[in-house]
Amino acid sequence: MIVFTHRWPRGAGYVSEQENQVWAALDQVLDPELDESIVTLHFVERVCVEEPGSVAIFFRLPTYWCGANFTYLMVEDIYTHVRALAWVDQVHVYVQDHFAAEEISTAIEAGKNFAEAFPDNTGEEDVALQQLRLGFQKKSFLGRQERLLRHLLRHGWSPQRLATLTRDALATEVLTPMGQRLRDRYLALRDEIATVGQKPLAFVTLEGEAIAPQDFPHYLHEIRRSRVNIEFNTAFCEGLLQTRYGLSFDAEQSGIDGEKEESCESSATGRLS
Amino acid sequence: MEQLYEKPKGGWTMYRTADGESIFVLDGHVHWWNASPDNWRNRHGQEFIDCFHDYQKNLSPKAYIWEDEKFRQYDQETLLHDLFVEGYDDMAIFQPTYLTEFYKAGFNTTERDGELWRQYPDRFLLNGAFDPREGEAGIEYLHFLSEEYSIKGVKLYTAEWRGASKGWDLRDPWSLRYLETCEKLGITNIHIHKGPTIKPLNMDAFDVHDVDEVASAFPNLNFIVEHVGLPRLDDFCWIAQQEPNVYGGLAVAMPFIYTRPRYFATIISELLFWLNEDRLLFGSDYAIWHPKWLIEKFMAFQLPQDIADETGVSLTLEVKRKILGENAARLYGIDIPKQLEKIKNDRFHAQVA
C-alpha cells in the first residue's frame, strides 16, 4: 500500500487522477546514494500527461556534475515504474541541466543499457552498473537499520531483546508513527538483499550473521558511519538543489526522531569545552 | 618595528581567544583560481565554477556571498586580505587544480599560485599536482616542480578528465611509480581529491578504497583525503581507522557549522572517533568559503552533550588547536614559534595592528 506522506508539488488548477498515479509511481524511485524518494528530494520538477498514454517527466539534480551512473539508474527506474502504469504507452524523461542529459534520456527510451548509452566506455559491461546499485543498496540497508535500532533503543528496548527479535515479530510490533516508518523502510529493503532477506532474525549483519547482545554497542558504532554519511550527503544535495533552482522547502529528512538543530555555540566568555 | 605590547603566549598569531591564547592557523586548502569567461574552454568551464559558487551560496553566511564576477576571478590583494588580514590564517597551502580540459590556462595551477608564493614565501606553502597518465614526461615534470617550487606535497584528482581516459586509480602502475618518485624527492604529503567526473563512468568516481592499499604500500608518505572522503565518509573512516598515515582534510564538512551545526557535530565527533585529533586538518577551500567565519564559528563550537556521550570524544581547545594548525605544521615541517617570528612584522600584521 502506498502511503501518501506529502502532497505532490502542483500548480494551480485541477490535478488529474492520472497525474496522481504518475507521482505515486515516481515516489517508488529512490536516489541510490541518498536512499530517498526522488519526489521527496524534489528532483521531479513537473509531470505532464499530454496526449492519452503519453507522459513527460521533468527531472533535475543538485548539480550539473551529478554522476551519470546514478542519474542513469534513477532515469531507468522512472521509466520502468511509470511505464508499468496500465494506461501509459510512452514515457519521456527530460533530464535538465546535466552534462549527460541527452545521452541518458535518449538511451533509456531506446532501451539501451549504460554501456550502450556511452560507447566510449569500451570494454565495460552493464554488470558493473548493477553492482554499483547493489553496493549502494547495502549502504542504504545499514543506514536504515541503524536508524531503527537507535529509535528502539531510545524507546527502552534492550540489546537482548533486539538480538533475539524475529523478523516476523518486528513486522507486527506496535510502534510510534516514526517507529513504524523506520520499521517499514527497514523491512522493505531488508527483504531485497539476498544475504539478509531469508534470515529469521530481524537484525543481522550484511553477511546475514546474528549480533550478540554484548556486541550491539560496537555494531552500532560501525553502522553509524553509514547513516551519518547518507544524512550529510542528503543535507548537502538538498541544499545545493535549493540554491540552484531558487527553491525553499523544509527538508523531509530530519535527524533521528525529528530532532531539531540546536545551537552549538558557547557563551560569549570564550570558554570552550 | 619594536613590539610595544607584551608578546602573547604562543606567539603573534592572527587568532587569539578571549583569554589571550594564541592559535596558529595553517589553512590546508586554498585556491587562487581564474575562472573568468575568457578562460573557459567550453561550457564545462562555466558549469564548474557555477557549481563552486552554489557551494558558497548554499552554506555561507549572507555577508560572505560574492557576485558572479568576483567569484570567477578575484585579484591577489583580495586573496591576501581575506586570508591573512581578515581571515585568521597565519599560513595557507595552495592546492592546485588544473582542469585544462575546461580552462584554457588551467583553473588554479601551481605556476599561477607560484606567483603569490614567491612574493610571500613565509605565508604560503605551494603544492604541485601530477597525473600519472602523462607517463615519463610527468615524472620529469615532478622533478621540475620539486626544484622550482620546493614542493612538499601534491594534490591528486583521480577523476579528472583527460582525453578519452576515465580517470585513474592510485593503484595503477604509473601512479605507484609517481608515488615512489615523490618519496625520493621528499614530497611526503599526498592530498587526494575524489570528485565528480564528466566521463560517464559506471564505477563510482568518489570511491576512496584505492587509498587503503597505497597507504599500506607507502608508510612513509602521508595521505590526506580531502573533504574527509565525502560523499563516502563511511568508507573513509573505515580506511583511516586502519591506516595511521591517512589523514582527513575538513573542507566541505566544516561549512555545515553555520547552517547545520548538529550535523557538523555528528561528523566531527565521528571523525575524532575513527581517526584521532592528530589526523584532521582545517581547510577553508577559499574562495568557496572564507576562513574568517569558519574559524570564528569553529572556535566557538561546542559538541552537544548527547553526541559527545555517544562517541566519547571531546572537542577541547587543544583538539581545536591541533586541527587548525598544529597537525598541518607537523606534516609540512613548520616550526611554529620560528615561523611566527618570521611573519610577525610583515605587512599583514601591520594592517591588523
Worksheet item: residue B:245: in contact with a strand residue (DSSP E or B) (Cβ under 7 Å, 6 or more places away or on another chain), more than 14 Å from chain A (Cβ to nearest Cβ) and surrounded by fewer than 23 Cβ atoms within 10 Å (Cβ to Cβ), yes or no?
Response: yes
Worksheet item: If residue B:63 passes every condition in (1) loosely packed, with under 12 Cβ neighbours inside 10 Å; (2) of a type in the set (Gly, Ala, Ser); (3) at pLDDT below 95 but one, which one does it miss?
Response: (3)
Worksheet item: Would the stretch A:163-184 turn up any residue that is charged (D, E, K, R), closer than 26 Å to residue A:82 by Cα and in a helix (DSSP H, G or I)?
Response: yes
Item to complete: Could you pull out the residue among A:188, A:210 that is in contact with a strand residue (DSSP E or B) (Cβ under 8 Å, 6 or more places away or on another chain) and farther than 27 Å from residue B:205 by Cβ?
Response: A:210
Worksheet item: Consider residue B:332 against the criteria (1) within 18 Å of the chain's Cα centre (by Cα); (2) modelled with pLDDT under 95: it satisfies all of them except one. Which criterion is unmet?
Response: (2)
Worksheet entry | Among (1) touching a Lys or Arg at 6+ places or on another chain (Cβ under 6 Å); (2) at positive phi - the single one residue A:111 does not satisfy | (1)
Practice prompt. Kindly indicate whether any position in the stretch A:33-45 is more than 14 Å from every other protein chain (Cβ to nearest Cβ), exposed (fewer than 15 other Cβ atoms within 10 Å of the Cβ) and of a type outside the set (Gly, Ala, Ser).
Written response: yes
Practice prompt. Search the stretch B:103-157 for residues being under 16 Å from residue B:79 (Cβ atoms) and among the aromatic types (Phe, Trp, Tyr), and hand back the single one that is nearest to the chain's Cα centre (by Cα).
Written response: B:124
Worksheet entry | Count of the stretch B:26-49 residues which are free of Cβ contacts under 8 Å to residues at least 24 places away in the same chain and under 20 Å from the mean Cα position of the chain (by Cα) | 1
Worksheet item: Just one of A:116, A:103, A:146 is within 10 Å of chain B (Cβ to nearest Cβ), among the charged types (D, E, K, R) and part of a helix (DSSP H, G or I); which is it?
Response: A:103
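Results for (1) touching a helix residue (DSSP H, G or I) at 6+ places or on another chain (Cβ under 6 Å); (2) modelled with pLDDT of 95 or more; (3) closer than 22 Å to residue A:35 by Cα, shown as yes or no for each residue.
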position	(1), (2), (3)
A:104	yes, no, yes
A:118	no, no, no
A:182	yes, yes, yes
A:186	yes, yes, yes
Item to complete: Identify, from the list B:83, B:59, the residue that is of a type in the set (A, V, I, L, M, F, W, C), in contact with a Ser or Thr (Cβ under 9 Å, 6 or more places away or on another chain) and either more than 17 Å from residue B:113 (Cα to Cα) or within 13 Å of chain A (Cβ to nearest Cβ) (or both).
Response: B:59
Worksheet entry | helices (runs of 4 or more DSSP H) (entirely within the stretch B:241-327) containing at least 1 residues that are of a type in the set (Phe, Trp, Tyr) and in contact (Cβ under 8 Å) with a residue 24 or more places away in the chain | B:256-259, B:261-274, B:291-300
Response to the item:
Per the list (1) within 25 Å of residue B:291 (Cβ to Cβ); (2) of a type in the set (A, V, I, L, M); (3) out of contact with any strand residue (DSSP E or B) (no Cβ under 7 Å at 6 or more places or on another chain), residue check on residue B:250 breaks on (3)
Practice prompt. Filter the stretch B:328-353 for residues that are over 14 Å from residue B:85 (Cβ atoms) and not in a loop (DSSP other than H, G, I, E, B) and give the result.
Written response: B:328, B:329, B:330, B:331, B:336, B:337, B:338, B:339, B:340, B:341, B:342
Item to complete: Keeping to the stretch A:17-31, report how many residues are part of a helix (DSSP H, G or I) and touching an Asp or Glu at 6+ places or on another chain (Cβ under 8 Å).
Response: 0
Fill in: Residue tally, condition over 15 Å from residue B:112 (Cα atoms), within 19 Å of the chain's Cα centre (by Cα) and assigned to a helix (DSSP H, G or I), over the stretch B:55-77
4
Worksheet item: What is the residue count in the stretch A:206-224 for residues that are out of contact with any Lys or Arg (no Cβ under 6 Å at 6 or more places or on another chain) and outside any helix (DSSP H, G or I)?
Response: 5
Practice prompt. Considering each residue of the stretch B:137-166, count those that are surrounded by 13 or more Cβ atoms within 10 Å (Cβ to Cβ) and on the phi > 0 side of the Ramachandran plot, and give that number.
Written response: 1
Item to complete: Please verify whether the stretch B:85-107 includes one or more residues that are of a type in the set (Phe, Trp, Tyr) and in a helix (DSSP H, G or I).
Response: no
Worksheet item: So, in the stretch A:224-249, of the ones that are without any contact (Cβ under 8 Å) to a residue 40 or more places away in the chain and more than 9 Å from chain B (Cβ to nearest Cβ), which residue ends up nearest to residue A:141 (Cα to Cα)?
Response: A:248
Worksheet entry | Residue under evaluation residue B:133, criteria (1) of a type in the set (Lys, Arg); (2) touching a helix residue (DSSP H, G or I) at 6+ places or on another chain (Cβ under 8 Å); (3) over 24 Å from residue B:42 (Cβ atoms), criterion not met | (3)
Worksheet, complete the sentence: Subset of the stretch A:77-100, residues surrounded by 20 or more Cβ atoms within 10 Å (Cβ to Cβ), outside any strand (DSSP E or B) and within 13 Å of another protein chain (Cβ to nearest Cβ), comes to A:98, A:99, A:100
Discussion item. Which count do you get for residues in the stretch B:266-296 that are within 13 Å of chain A (Cβ to nearest Cβ) and surrounded by fewer than 19 Cβ atoms within 10 Å (Cβ to Cβ)?
Written reply: 2
Worksheet, complete the sentence: Going through the stretch B:100-116 in order, the residues found to be of a type in the set (A, V, I, L, M, F, W, C) and surrounded by 21 or more Cβ atoms within 10 Å (Cβ to Cβ) are B:102, B:107
Worksheet item: Does the stretch A:59-70 include one or more residues that are among the basic types (Lys, Arg), within 14 Å of another protein chain (Cβ to nearest Cβ) and within 18 Å of residue A:245 (Cβ to Cβ)?
Response: yes
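The values are calculated or read from the model by the stated rules, or taken from the named source; none is laboratory data. This structure is a prediction, so every number in the text was calculated from the model and none was measured. Cβ atoms come from the backbone with ideal geometry, glycine included; neighbour counts cover every protein chain shown.
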